[in-house]
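Peer 1: Structure below; questions to follow.
The values are calculated or read from the model by the stated rules, or taken from the named source; none is laboratory data. Since this is a predicted model, take the numbers as computed values, not measurements. Here the Cβ positions follow ideal geometry from the backbone for every residue, glycine too, while neighbour counts run over all protein chains shown.
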Amino acid sequence: MNELAIESKDLAKTYGSIRAVGGINLTVPRGAIYGFLGRNGAGKTTTIKMLLGLTRPTAGAAQVFGMNVSTERMAILRRTAFVSEKKTLYPSLTPTELVRFSRGFYPTWSDSAVEKYARLLEIPMKQRFEKLSNGNQTKVWLLLALSQGADLLILDEPTTALDPVSVDQLLHVLAEDGLDRGCTVFFSSHQLEEVERIAEYAGVVDHGKLLMESRLDDIKSEFRLITAAGNSLSAQTSAQVLSVAVEGNFYRYVVTKDADSFAAGLSQNGATITNVATLSLREIFLQLVRKEQ
Amino acid sequence: MYFWKCWRDTRSFFVVFLIIAAIVMPVAAVVSLGSHLVEDFGTSAFLNTFGLILMAVPLGLGAIGASHEFDEKTAQFLFTKPRSRAYFVWMGWAVGFAELLAVAAVNFLAGWATLSHYSKNPFHSTLYGSMTAQNFLDPLIFCIWAYCLTYSLTVLLRNGLKGLGASMAILFGLPFFAAAVRWRWHIDLPLVPGLPFGGLPLAISNIIWVLIAMLFVFAAQLVVERTEI
C-alpha cells in the first residue's frame, strides 16, 4: 500500500505565459496534517485544483492514495473532501438542503457528524445560504466536508472569514477528530500560527515553487538565528545562509543546515558568538520568501 | 441528490406552466359557453395554445436548469463530487426534458378532453380530419430543439440570461439565415426547426431535427468536460 496520501512529481501549470505552478514535488504522508504555506498567488490553489482534477497539469504528475489525478479522478473524489477558497454555494439552498444534496454522493456520509458539527460550529441550518454571514458560509463548507467521512481533507484557506472562536473550534476538530479517524488533512493557509498549532508537516510554496517541505519539528530545528560580533565578517548569503543583517559590529545570520559548524567557522574568523536562537515558523517563512525574492 | 437539486430549481416554473397547460382550454371553454366559439374555433385555439406553451416552456426550462450549476464559483463544489461532468450535464437536461414532455402531455390531454366534452363534433373525428398528429408533432420538435439549444448555450455561457438571449437570437435568426441561403445558393433549408428538410420524408426530417438538438447538448458536455475550473 502506498504510504503517501499525496505525491507529486514536477507538477506544473502555466496559463499562457504565466507560470502558476512550476514543478512542485509534494510528499504528504497518510494520516498527517500538512500545512501548505504560501502567500496569495503563490500557487497553492492551482496545486489543489490539479490534485482534484479541476485543472489539468501542464507538466508533471500527481497521485492521491497512489491514484493518478489525471486518469482516476472519480476514485480520488470518492475519498476526498474539499473546501474551496471561494466559499460560494447555491444561494437559495439552506444548509439542511445542502446536506441532503451532498449526502447521496458519498456512501461514507455520516448524519451524526452533520448533527455534531452543526451544533459545534453553531450553524443556522434552516437559513438560506445567501442569507448566512461569511463566517457561517465557510462553516457550511466545513460541515459538508467533515461529514463526508473522507480519507483526505483538502482545505483551501479554511479559516477565511472565521472568528477566532470558530478558528479555534475548527483547528480542534481537525487535530482531534481528523487524527482519530486516521484522516489526512492537507490545508493551505497563510495563517502561520494555525499551521504551527496543528500541522505535523509543512510545505512552503512561493512563485509556484516548493521552497521547503519537511516535518514541522525538523524545520524548526534546522533553522537558527546566529548573532555574532566582529569586524569585517562575511555578509554574503548562500545556500546555507538565508539572510544577513548588519548593525555596527553585530551580524545576525539566519542559517539553515548545520548551524553549529557555521558558528564554529565564524569563531575561527575572530567573531564572538553572542547568541544562537531558534526561529518561529513565521520567521522561517519570511526568511524563505524574502530569499526567494 | 443532483436529480432532486435540478427538480428543486425548476419546480416552480414547471408547476406554474403545468397549471396553465391544464386549465387554459377548459377555462376558455367555460368562459365562452353558449357562444359556439368552442365549436367553431376550438381546434385552432387548441393548436395555438399548444404551440405557444411549447414555445415558452423550453426557453424557460433551458435557461433555469443549468444557470447556477456551471457558474464559475459553484462549479468547484459540483465538480469535486464523485460523478462525471457528463452526468451533471445530462441529468440537468433530462429533468427539464421530462418536465417539458409533462407540460406538453397535460396540455394535449386537457385540450383533447375539453374539445371532446364541449364540441358538437367529438375530438377524435376532428383529429383525423382538420387536425393531424403532425399538427402537434411540429411544435413538439421545435420545442425540443429550442430546449436543447437554450440549455446548451446556458451551460456554455454559464449564465441563464445569456443562454436565453443567445438561444432566442439563433431561433429568430434561423429563418433569415435559411432565406439567405436559399436566395444566394438556391439550397432549400427549413425556415423553422420541425419543418421537413427538402424532399426528405417527414419522419426522417423529425429524427434529424431531434438528433441536431441532441448534438447541442453533446457539444455542451464536451466543452464542460474540458473546461478548467
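Peer 1: Based on this model, can you work out whether A:Val83 counts as at the interface with chain B (Cβ under 10 Å from one of its Cβ atoms) and hydrophobic (A, V, I, L, M, F, W, C)?
Peer 2: So A:Val83 fits the description; yes.
Peer 1: Inspect segment A:225-243 for any residue being closer than 26 Å to A:Ala32 by Cβ, surrounded by 18 or more Cβ atoms within 10 Å (Cβ to Cβ) and not acidic (Asp, Glu) and give the result as yes or no.
Peer 2: Yes, there is a match, as at least one residue in segment A:225-243 is closer than 26 Å to A:Ala32 by Cβ, surrounded by 18 or more Cβ atoms within 10 Å (Cβ to Cβ) and not acidic (Asp, Glu).
Peer 1: If B:Gly111 satisfies all but one of (1) outside any helix (DSSP H, G or I); (2) modelled with pLDDT under 90, what's the number of the condition it fails?
Peer 2: All conditions pass for B:Gly111, except number (1).
Peer 1: Please name all residue pairs, on different chains or six or more residues apart, with Cβ atoms under 6 Å, provided the first residue is in segment B:172-197 and is over 21 Å from B:Ala56 (Cα atoms) and the second residue is of a type in the set (Gly, Ala, Ser).
Peer 2: B:Asp188/B:Gly198; B:Leu189/B:Ala178; B:Pro196/B:Ser205; B:Phe197/B:Ser205
Peer 1: Which residue out of A:Phe187, A:Phe262 is surrounded by 13 or more Cβ atoms within 10 Å (Cβ to Cβ), aromatic (Phe, Trp, Tyr) and not assigned by TED's automatic domain parsing to the domain that holds A:Arg30?
Peer 2: Of A:Phe187, A:Phe262, the one residue that is surrounded by 13 or more Cβ atoms within 10 Å (Cβ to Cβ), aromatic (Phe, Trp, Tyr) and not assigned by TED's automatic domain parsing to the domain that holds A:Arg30 is A:Phe262.
Peer 1: Pull up segment A:50-72, narrow it to residues that are outside any loop (DSSP other than H, G, I, E, B) and free of Cβ contacts under 8 Å to residues at least 24 places away in the same chain, then point me to the one that is nearest to the other protein chains (Cβ to nearest Cβ).
Peer 2: Among those that are outside any loop (DSSP other than H, G, I, E, B) and free of Cβ contacts under 8 Å to residues at least 24 places away in the same chain, it is A:Met67.
Yes/no matrix, rows are residues, columns are (1) more than 10 Å from the chain's Cα centre (by Cα); (2) buried (at least 16 other Cβ atoms within 10 Å of the Cβ); (3) within 23 Å of A:Gly53 (Cα to Cα); (4) in contact (Cβ under 8 Å) with a residue 40 or more places away in the chain:
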position	(1), (2), (3), (4)
A:Glu157	no, yes, yes, yes
A:Ser166	yes, yes, no, yes
A:Leu170	yes, yes, no, yes
A:Ala175	yes, yes, no, yes
A:Asp180	yes, no, no, no
A:Leu192	no, yes, no, yes
A:Ala202	no, yes, yes, yes
A:His207	yes, yes, yes, yes
A:Ser214	yes, no, no, no
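Peer 1: Which one of A:Asp151, A:Asp156 is within 13 Å of chain B (Cβ to nearest Cβ), in contact with a Cys (Cβ under 7 Å, 6 or more places away or on another chain) and more than 27 Å from B:Trp7 (Cβ to Cβ)?
Peer 2: None of the others qualify; the one that does is A:Asp151.
Peer 1: Report, by residue number, each residue of segment B:147-162 that is under 15 Å from the mean Cα position of the chain (by Cα) and not hydroxyl-bearing (Ser, Thr, Tyr).
Peer 2: B:Cys148, B:Leu149, B:Leu153
Peer 1: Run A:Val140 past the list (1) part of a loop (DSSP other than H, G, I, E, B); (2) surrounded by 19 or more Cβ atoms within 10 Å (Cβ to Cβ); (3) of a type in the set (A, V, I, L, M, F, W, C) and report the number of the one that doesn't hold.
Peer 2: (1)
Peer 1: If we keep just the residues of segment A:92-133 that are away from chain B (no Cβ under 14 Å) and of a type in the set (A, V, I, L, M, F, W, C), which is farthest from B:Ile64 (Cα to Cα)?
Peer 2: Taking the candidates together, the pick is A:Leu120.
Peer 1: Cβ-Cβ under 8 Å, sequence separation 6+ or interchain: first residue in segment A:1-27 and in a strand (DSSP E or B), partner of a type in the set (Asp, Glu) and surrounded by 15 or more Cβ atoms within 10 Å (Cβ to Cβ). Which pairs?
Peer 2: Between residues of segment A:1-27 that are in a strand (DSSP E or B) and residues that are of a type in the set (Asp, Glu) and surrounded by 15 or more Cβ atoms within 10 Å (Cβ to Cβ), the close pairs are A:Ala5/A:Asp151; A:Thr27/A:Glu7; A:Thr27/A:Glu213.
Peer 1: Go through (1) of a type in the set (Ser, Thr, Tyr); (2) surrounded by 15 or more Cβ atoms within 10 Å (Cβ to Cβ); (3) not in a helix (DSSP H, G or I) one by one and return the number of the condition B:Ser35 breaks.
Peer 2: Evaluating B:Ser35 over (1) of a type in the set (Ser, Thr, Tyr); (2) surrounded by 15 or more Cβ atoms within 10 Å (Cβ to Cβ); (3) not in a helix (DSSP H, G or I) leaves (2) as the failure.
Peer 1: OK, next. Among what's in segment B:38-87 and is facing another protein chain (nearest Cβ under 8 Å), of a type outside the set (A, V, I, L, M, F, W, C) and assigned to a helix (DSSP H, G or I), pick the residue that is nearest to A:Leu52 (Cα to Cα).
Peer 2: Restricting to residues being facing another protein chain (nearest Cβ under 8 Å), of a type outside the set (A, V, I, L, M, F, W, C) and assigned to a helix (DSSP H, G or I), the top hit is B:Gln76.
Peer 1: Go through segment A:15-47 and report how many residues are buried (at least 24 other Cβ atoms within 10 Å of the Cβ) and under 13 Å from A:Leu211 (Cα atoms).
Peer 2: Residues in segment A:15-47 being buried (at least 24 other Cβ atoms within 10 Å of the Cβ) and under 13 Å from A:Leu211 (Cα atoms): 8 in total.
Peer 1: Can you give me the ranges of the helices (runs of 4 or more DSSP H) entirely in segment A:188-270 with at least 2 residues that are of a type outside the set (Lys, Arg) and in contact with a helix residue (DSSP H, G or I) (Cβ under 6 Å, 6 or more places away or on another chain)?
Peer 2: The qualifying helices (runs of 4 or more DSSP H) are A:192-198.
The rows are residues; the columns are (1) out of contact with any Pro (no Cβ under 8 Å at 6 or more places or on another chain); (2) assigned to a loop (DSSP other than H, G, I, E, B); (3) outside the structural domain of A:Asp177 (by TED's automatic domain parsing).
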position: A:Ser92; (1), (2), (3): yes, yes, no
position: A:Glu97; (1), (2), (3): yes, no, no
position: A:Tyr106; (1), (2), (3): no, yes, no
position: A:Arg119; (1), (2), (3): yes, no, no
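Peer 1: Another question, if that's okay. How do the pairs read when you match residues in segment B:210-229 that are away from every other protein chain (no Cβ under 14 Å) and without any contact (Cβ under 8 Å) to a residue 24 or more places away in the chain with residues anywhere that are surrounded by 20 or more Cβ atoms within 10 Å (Cβ to Cβ) and part of a helix (DSSP H, G or I), using Cβ under 8 Å and keeping only pairs 6 or more apart or on different chains?
Peer 2: Listed by first residue and then by second, the contacts come to nothing, as the list is empty.
Peer 1: Has segment B:65-88 got any residue that is aliphatic (A, V, I, L, M), buried (at least 20 other Cβ atoms within 10 Å of the Cβ), at pLDDT 85 or above and farther than 30 Å from A:Thr45 by Cα?
Peer 2: The answer is no; no qualifying residue exists.
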